[in-house]
1. Starting from the stretch 210-233, keep only residues that are on the phi > 0 side of the Ramachandran plot, then list their pairs with residues that are crowded, with 23+ Cβ neighbours inside 10 Å and in a helix (DSSP H, G or I) whose Cβ atoms are within a distance under 8 Å, requiring at least 6 positions of separation or different chains.
2. What do you reckon, is residue 24 in a loop (DSSP other than H, G, I, E, B) and at pLDDT 95 or above?
3. Give the number of residues within the stretch 45-65 that are touching a Gly at 6+ places or on another chain (Cβ under 6 Å) and part of a helix (DSSP H, G or I).
4. Given (1) of a type outside the set (A, V, I, L, M); (2) in contact with a Phe, Trp or Tyr (Cβ under 8 Å, 6 or more places away or on another chain); (3) buried (at least 16 other Cβ atoms within 10 Å of the Cβ), identify the lone condition not met by residue 167.
5. Can you name the residue in the stretch 191-219 that is exposed (fewer than 15 other Cβ atoms within 10 Å of the Cβ) and either farther than 26 Å from residue 50 by Cβ or within 17 Å of the chain's Cα centre (by Cα) (or both) and, of all such residues, is modelled with the lowest pLDDT?
6. Which ones in the stretch 66-106 are basic (Lys, Arg) and either in a helix (DSSP H, G or I) or surrounded by fewer than 17 Cβ atoms within 10 Å (Cβ to Cβ) (or both)?
7. The conditions are (1) surrounded by fewer than 21 Cβ atoms within 10 Å (Cβ to Cβ); (2) under 17 Å from the mean Cα position of the chain (by Cα); (3) basic (Lys, Arg); (4) closer than 22 Å to residue 138 by Cα, and residue 6 fails exactly one of them. Which is it?
8. Determine, yes or no, whether residue 173 is surrounded by fewer than 18 Cβ atoms within 10 Å (Cβ to Cβ) and in a helix (DSSP H, G or I).
Amino acid sequence: MSTYKRIMLKLSGEVFSGSKDYGIHKPSLYDIAEQIIEVARLPMQMVVVVGGGNIWRFKDTEETKIERTVSDSMGMLATIMNSVALQSALETLGAETRVLSAVDIPALAEPFIKRRALRHIEKGRIIICAGGTGNPYFTTDSAAALRALELTCDVLLKATNVDGVYDKDPNKSTDAKLFSDLTYQQALEGHFGVMDQAAFSLCQDQQLPIIVFNFLKRGSLLKAARGDKIGTVVHA
């Protein structure tokens with residue numbers, strides 16, 4: 001039995017590309033959808049925020065010389081593409097979903113309105129929040145923290161490609177230490193980069209716990225959602 005009633009799942013855009021460097025990989029898309037539905041059957045209320053890094057990355061700004069605010073707008077559009085794709089996959093598998101966007105694009109998504117979002121959640125629909133915060137200079141980590149707080153989620157699950165928070169990059173150091181538990185202050189003092197600073201500050205100020213876990217390990221999302229011991233828990 002889960003200790004959480006409503007969770008926020010933050011997915012990076014890269015999980016949508018699977019083994020590819022770019023775009024949406026169909027098997028990966030449906031694997032994501034299957035894992036989300038598995039959690040929604042607990043039963044549990046779910047809100048999802050996705051990144052757009054599989055389509056447009058921040059580093060592309062410097063490579064292309066595109067102005068920052070324009071580049072950030074392109075990134076927001078990329079999150080909408082991923083969100084609509086995820087909605088389609090979820091509905092193909094029988095789930096009822098709604099995409100709510102911070103960027104006005106009525107042909108593809110409803111506008112994000114808190115009361116509307118809560119109503120959808122109460123009706124058992126999986127909510128996908130797209131378009132980031134709708135503002136430049138904010139990452140989708142910030143969007144996940146903001147929406148989690150607005151929609152009174154009990155926890156923010158940050159899906160990554162590593163097992164949790166380490167004291168150093170585990171891909172570069174074989175002696176990297178995995179933390180099972182960290183306070184906000186320890187995470188700040190250690191400069192562990194759990195989330196971007198704006199997102200982390202929101203979670204810390206409102207004491208919203210963060211669980212960082214490896215989404216690529218099948219079943220890890222279900223474990224994190226149930227409150228099983230997995231990844232790194234960051235808390236007050």
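The values are calculated or read from the model by the stated rules, or taken from the named source; none is laboratory data. This one's a predicted model, so the numbers in the text were calculated from it and none came from an experiment. Glycine gets a Cβ as well: all are built from the backbone with ideal geometry, and neighbour counts include every protein chain shown.
1. Matching pairs, first to second residue: 231/224.
2. yes
3. Filtering the stretch 45-65 down to residues touching a Gly at 6+ places or on another chain (Cβ under 6 Å) leaves 51-54, 56.
Then keep just the ones that are part of a helix (DSSP H, G or I); that gives none.
Of the residues in the stretch 45-65, 0 are touching a Gly at 6+ places or on another chain (Cβ under 6 Å) and part of a helix (DSSP H, G or I).
4. Every listed condition holds for residue 167 apart from (3).
5. My answer is 193.
6. 68, the sole residue that qualifies.
7. (4)
8. On the way: surrounded by fewer than 18 Cβ atoms within 10 Å (Cβ to Cβ): yes; in a helix (DSSP H, G or I): no.
Considered against the rule, which asks whether it is surrounded by fewer than 18 Cβ atoms within 10 Å (Cβ to Cβ) and in a helix (DSSP H, G or I), residue 173 comes out as no.
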